[in-house]
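What follows is calculated from the coordinates using simple rules that are stated; it is not laboratory data. Bear in mind that the values here come from a model prediction, so they are computed numbers and not experimental data. Heads up, the Cβs are rebuilt from the backbone with ideal geometry, glycines too, and the neighbour counts pull from every protein chain shown.
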Amino acid sequence: MHAKKPRLSFWQIWNMSFGFMGIQMGFALQNANASRILQTFGADVEHLSWFWLVAPLTGMIVQPIIGHYSDSTWNRLGRRRPYFLTGAVLASIGLILMPNSPMFAHFLPALWVGAGMLMIMDASFNIAMEPFRALVADKLPSDQRTLGFSVQTLLIGIGAVVGSWLPYIMTNLFGYKELAAEGQVPFSLILSFIVGAAVLLTTIIITVSTTSEYPPEVQASFDDHQEAEHESSGSFFDIFRDFAHMPKTMRQLGVVQFFSWFALFSMWVFTTPALAEHVWGLPAEDRHSAAFNEAADYVGVIFGVYNLVAAMFAMMLPVIAAKVGRKMTHSICLTLGGLGLISTVFITSPEMKWMLNISMVGVGIAWASILAMPYAILAGSIPTRKMGVYMGIFNFFITFPQIVNGIFGGPIVKHFYHGHAIYALVTAGIMMILGAFSVMFVKDVDDTVGR
């Protein structure tokens, strides 16, 4: 007979994920501005996806390892909290240094330093993110998991909105409109990254100080999964054994995740060059003009819009899932996201730029679901005592499609789309719709009790 996890109040669930808001604020600053910064330092459009390979590669390596060791960690900070506190400190350092890469120009080219800082941030975000996913699954009973991941998505959305809009706000509201010298990042962007680092550390500290964790013996009493197939030895190599024995639901979700995250990677990498050329009509070599900075700032605006939509829509997910089920909810959301991405091809002038916000409504709905529904479905199929390692292994299905895209995305844009990055966004929309179709074949183990 296994004990049932106690239900938590809304504000306990809120505090548990509050630090994720700061993480996502920093992550949004990176997503919206990394391509812009790297182009400023001299990167070509067709090479941008190669620089972005750093993110999924570090995630593929770091998250399963962090998950494995956090499953067996217990100290005065707890089980998951030591890891996301460490990740937050390292990510904050990367946020401060990346836009300031030219200060290291005496030692290495700014482009190399910028790429290195991107790697540090990605590794650090991965150290911090995985334990947050596992913490929600650790603490909540099955019938609160959809709510838990939805609250997490709400906070992610709030952080991402602020992070995405910060450079635009700094430029237009506070008057930092000066053009930076060639090869230099505008001061408004540097200041935005510094603010992001400060918020990241503050929110993590709040979660660490307000959230407790169950001791190992208590956590073990909640485990209602039988694991006769294999026993854990505590060895690093258990990661590979766990990978081989992953639940069927995880493998099925892997197909959905491939299409979803291939699409998201294209959006993050190519939106700035796509809109600068397709909407603002700028040549590919223009990386320093006022028009280019306007286009790049506006990418932050529309990224903020899709994150704002995700934040607002997140709390509707438990209600919709209770009516039609998790799978159908996720399928509908992915379809709307795909249509939103495809619609960007019809926006062809700066006067029409406001329509990009409408496109991002669909993307925001999909993003809300991507951040919540797969994890809510997955959590019911894996053992409690292996929650960390399986959440980390699940990240493989997020990083692998990004790696595939990172290797081939740039050459496809150059050779098949003849440098027109807008078609990478159209392809992303098609991939998201394919993900909507594939989710219907996933087995949701506890859909009837975990909505």
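Taking all pairs of distinct Cα atoms, average 1/r, flip it, and tell me the Kirkwood hydrodynamic radius of the chain in Å to one decimal place.
21.9 Å is the Kirkwood radius here.
Can you list the trypsin sites (Lys or Arg not before Pro) in segment 347-445 that are in a DSSP coil and have 14 or fewer other beta carbons within 10 angstrom?
In loop regions of segment 347-445 (DSSP not H, G, I, E or B), the sparsely surrounded trypsin sites (Lys or Arg not before Pro) are 443.
Net charge around residue 399, counting only other residues with Cβ within less than 13 Å of its Cβ (Lys, Arg = +1; Asp, Glu = -1)?
Local net charge: -2.
For a footprinting-style exposure proxy, rank 133, 7 by other Cβ within 10 Å, fewest first.
Numbers: 133 26, 7 12.
Going from sparsest to densest Cβ surroundings: 7, 133.
Just rank 47, 245, fewest to most, by other beta-carbon atoms within 10 angstrom.
By the 10 Å Cβ count, ascending: 245, 47.
Provide the per-residue ³J(HN,Hα) series for segment 302-308, in order, calculated from phi with Karplus coefficients 6.51, -1.76, 1.60 and θ = phi - 60°, each as a whole number of Hz, with x at glycine and proline positions.
Ordered by residue, 3J(HN,Hα) equals 5, 5, x, 5, 5, 6, 5 Hz.
Which angle from 0 to 90°, rounded to the nearest 10, does the C-alpha axis of helix 54-71 make with the longest principal axis of the chain?
In the chain, helix 54-71 runs at an angle near 20 degrees to the longest axis.
Across the chain, how many lysine pairs separated by 8 or more positions, or lying on different chains, have Cα atoms within less than 12 Å?
Count of close lysine pairs: 4.
For segment 6-73, what class follows from the C-alpha gyration tensor (a ≥ b ≥ c being the square roots of its eigenvalues): rounded when a/c is under 1.5, otherwise prolate if a/b is larger than b/c, else oblate?
It is oblate, given that a/c is not under 1.5 and a/b is not larger than b/c.
What is the helix-to-structure angle for 422-438, meaning the angle in degrees between its Cα long axis and the longest Cα principal axis of the chain, kept from 0 to 90 and rounded to the nearest 10?
20
May I ask you to evaluate 6.51 cos²θ - 1.76 cosθ + 1.60, the Karplus curve with θ = phi - 60°, for each residue of segment 312-317 and list the ³J(HN,Hα) values in order in whole Hz, giving x for glycine and proline?
Rounded to whole hertz, the list is 6, 6, 4, 6, 8, 4.
Collect residues whose amide H, placed 1.01 Å from N in the peptide plane, falls under 5 Å from the amide H of residue 419; neighbours closer than 5 in sequence don't count.
The list, which skips near neighbours in sequence, is 414.
Using label points projected 7 Å from each Cα along Cα→Cβ, tell me how many nm separate residue 9 and residue 143, to one decimal.
In this crude spin-label approximation the distance works out to 2.0 nm.
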